[in-house]
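Inspection log for the structure reproduced underneath, given as structure tokens.
No lab work stands behind these numbers, since they all come straight from the coordinates. Every value quoted in this text rests on a predicted model; they were computed, and no experiment measured them. Reconstructed Cβ throughout: ideal geometry from the backbone, glycine too, with neighbour counts over all protein chains shown.
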């Protein structure tokens, strides 16, 4: 489930996918701490923008929030998340895509920082930090 090279220096990128905006977070070089990075529009340039972030930050793993309802079944948006992940992987780059269950991360981020434009990036950081914490244990 977790990459075998986790203990090597490895930077991760976290994604909180939304139909209008995509929150992005990046880990430190050791893959231990997640930081909000950006909020980008979910438009035809989104994949290219994320690929540029992956290259620029030397990312080796992308963690996407997996959206489920209260019963643990995929929400409607999960099929869009899966399609987006496939598009990310379609370009031959050296990174893997992982999914981390996420539940109300935007609400959690709002409770932490209040309602701001960067809320989606903070939600992405929560998703990424959850993955990093599980990978350590």
Inset, instruction - For a quick protection proxy, order the peptides 69-75, 32-38, 120-126 by their average other-Cβ count within 10 Å, most packed first. - result: 120-126, 32-38, 69-75
Inset, instruction - Give me the distance in nm between label points sitting 7 Å out from Cα along the Cα-to-Cβ direction at residue 91 and residue 28, one decimal. - result: 2.8
